[in-house]
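Inspection log for the structure reproduced underneath, given as structure tokens.
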Amino acid sequence: MQMPARLTVNMATLLTFGAFAALVLNAMLGSMAALAFMGCGALLIVSNPHQTIDSLRRWWPVLLLPAYCMLTSLWSLYPSNSLRYGLQLTFTLAVAIVITGRVSTSTLMRLMFIVYGIGVVASLAFGKTGLGGAWVGAFGSKNAVAAHIAVFALISVAVAVDRDSPVMLRLLAAGGAVLSGPLLALAQSAGAILMLAPCMAIILLTLLITRLTGMQKLFVVVMLVIVGAALALLIMVAGNTLLAEILEGSGKDATLTGRTDLWATGLSFIAERPLQGLGYRSFWVIGFAPAEELWSMFDVPSGAGFNFHNTYISNAVEIGLIGLTLQIIIIYGGALAMAAYTFARPNAPNALLLALQALMILRSFIEVEVFFEFSIRSIMGIATLIYAAQGLLALRAQSAAPARRRPGGLFSHVRVPARPRPLPHADL
């Protein structure tokens with residue numbers, strides 16, 4: 001008698017989807033978003049204790065960052081804030097570590113497409129137009145919806161070109177990629193459009209690499225290094241002038257809506273306590289005079305979400321150059337490791353993770369997306385670093401695997417490579 005087919009559900013995938021949905025759609029979920037994330041994250045951690053302990057044991061250095069954030073409570077202006085938010089950051093990064101041990105990169109890519117797609121559909125259905133005629137979608141601000149659409153565009157292109165994804169999903173992704181352009185134009189975000197272009201090029205170049213020989217790949221890498229060095233030199237020499245011209249040409253404030261004044265204020269606090277900072281999450285606090293002054297200067301309600309609009313300045317103010325160094329290692333180390341792994345294993349999921357890391361780096365100079373509690377970008381930054389490290393270690397183990405001899409006979413002198421160790425995930 002034939003047994004009926006059973007519908008199986010991967011618990012880790014389901015919980016990861018719930019955690020991501022809570023964070024990405026937090027503007028729609030409100031205060032329930034953090035609670036939903038903590039619930040899904042906690043269930044993910046306890047659903048497979050052996051795997052959780054193994055992942056945390058292997059990647060414990062990542063938790064040095066939240067540990068240092070909690071340590072700043074010893075000298076923080078608001079020690080209870082530093083300790084509480086440091087604990088929440090620890091939980092957030094622990095969830096990120098556990099996800100990398102339970103969910104493959106291809107599955108993560110498809111989950112993100114669905115989650116971000118829900119945000120796009122909700123914005124189209126219930127979105128509004130803000131002041132100045134800019135579309136704010138369901139996220140309340142044009143910057144938030146533009147950032148959401150930019151990430152959705154990258155995910156859509158990656159899924160569309162992924163040959164291992166279901167055909168229907170690829171067709172939906174192709175439609176999402178086409179739709180992203182007009183939606184970004186509606187949001188009137190010149191910055192998002194400018195930053196999206198090089199990140200999109202990363203995905204397309206990865207597709208090109210898959211068709212090249214070894215020497216051709218080497219030539220492409222050398223050319224990319226030369227072009228990157230030239231662009232870096234150009235930005236160092238004339239970056240401010242070019243940015244001002246681009247902003248003025250697009251009708252934007254050349255001072256990035258007063259961000260240069262914010263940066264000057266932040267740099268003055270860094271100069272006072274350069275190494276240790278004021279304490280994690282101890283600047284934008286109701287009642288703290290400098291924060292109240294800036295809120296008033298920019299007509300922002302006291303206690304509203306606000307920052308220095310520069311990751312390095314903002315984080316150095318609170319956790320000093322020591323904490324900032326830990327963050328830079330994670331951000332840029334993850335980008336370099338994933339670039340190396342994508343070159344070795346060019347596929348859509350790896351290209352997407354590299355593109356998202358590049359987008360984080362580009363946005364880090366004008367926004368603050370990492371590292372704080374219940375942040376999808378913080379989770380993806382950690383996940384990118386670990387996925388890349390896992391892949392590179394697996395490739396190294398395969399290349400270093402000892403050869404084994406065949407049994408005696410005519411061809412006993414022929415050496416056959418040993419069977420390679422299985423990779424952490426099927427697509428790594």
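The values are calculated or read from the model by the stated rules, or taken from the named source; none is laboratory data. Every value quoted in this text rests on a predicted model; they were computed, and no experiment measured them. All Cβ positions, glycine included, derive from the backbone under ideal geometry; neighbour counts span all protein chains shown. Note: accessible area is taken over every heavy atom of the protein model, side chains too, but ligands, DNA and RNA are not part of it. Shrake-Rupley method; radii C 1.70, N 1.55, O 1.52, S 1.80 Å.
Tabulated data for the structure shown
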| quantity | calculated |
| --- | --- |
| Filter pass, Thr107 being open to solvent by less than 10 Å² (accessible area, probe 1.4 Å), in contact (Cβ under 8 Å) with a residue 40 or more places away in the chain, of a type in the set (Val, Ile, Thr) and more than 17 Å from Met28 (Cβ to Cβ) | no |
| Selection from the stretch 172-199 of residues that are surrounded by fewer than 21 Cβ atoms within 10 Å (Cβ to Cβ), among the hydrophobic types (A, V, I, L, M, F, W, C) and modelled with pLDDT under 85 | Ala190, Ile193, Leu194 |
| Residue that is surrounded by the fewest Cβ atoms within 10 Å (Cβ to Cβ), among those in the stretch 301-316 that are outside any loop (DSSP other than H, G, I, E, B) and polar (S, T, N, Q) | Ser314 |
| So Ile209, is it farther than 22 Å from Gly117 by Cβ, among the β-branched types (Val, Ile, Thr) and open to solvent by less than 30 Å² (accessible area, probe 1.4 Å) | yes |
| Unmet criterion (only one of (1) hydroxyl-bearing (Ser, Thr, Tyr); (2) closer than 30 Å to Ile319 by Cβ; (3) assigned to a helix (DSSP H, G or I)) for Thr107 | (2) |
| Any hit, the stretch 317-329, residues being more than 24 Å from Trp60 (Cβ to Cβ), modelled with pLDDT of 95 or more and open to solvent by less than 10 Å² (accessible area, probe 1.4 Å) | yes |
| Residue check for Glu292: open to solvent by 10 Å² or more (accessible area, probe 1.4 Å), touching a residue at least 60 places away in the same chain (Cβ under 8 Å) and either in a helix (DSSP H, G or I) or in contact with a Ser or Thr (Cβ under 9 Å, 6 or more places away or on another chain) (or both) | no |
| Selected residue [part of a helix (DSSP H, G or I) and without any contact (Cβ under 8 Å) to a residue 40 or more places away in the chain] from Thr260, Thr265, Thr342 | Thr260 |
| Qualifying positions in the stretch 36-53 - open to solvent by less than 40 Å² (accessible area, probe 1.4 Å) and among the hydroxyl-bearing types (Ser, Thr, Tyr) | Thr52 |
| Which listed residue is open to solvent by 40 Å² or more (accessible area, probe 1.4 Å), modelled with pLDDT under 95 and on the phi < 0 side of the Ramachandran plot, from Phe343, Phe374 | Phe343 |
| Residue count, the stretch 110-141 (criterion: over 30 Å from Arg58 (Cβ atoms) and either at pLDDT 90 or above or outside any loop (DSSP other than H, G, I, E, B) (or both)) | 18 |
| Total residues in the stretch 47-91, condition in contact with a Ser or Thr (Cβ under 8 Å, 6 or more places away or on another chain) and either farther than 22 Å from Phe283 by Cα or in contact (Cβ under 8 Å) with a residue 24 or more places away in the chain (or both) | 16 |
| Sole residue being surrounded by 24 or more Cβ atoms within 10 Å (Cβ to Cβ) and either among the aliphatic types (A, V, I, L, M) or under 28 Å from Leu65 (Cβ atoms) (or both), chosen from Ala144, Ala153 | Ala153 |
| From Ile202, Ile209, Ile286, residue being among the β-branched types (Val, Ile, Thr), in contact with a Ser or Thr (Cβ under 9 Å, 6 or more places away or on another chain), within 26 Å of Ala339 (Cβ to Cβ) and modelled with pLDDT of 90 or more | Ile202 |
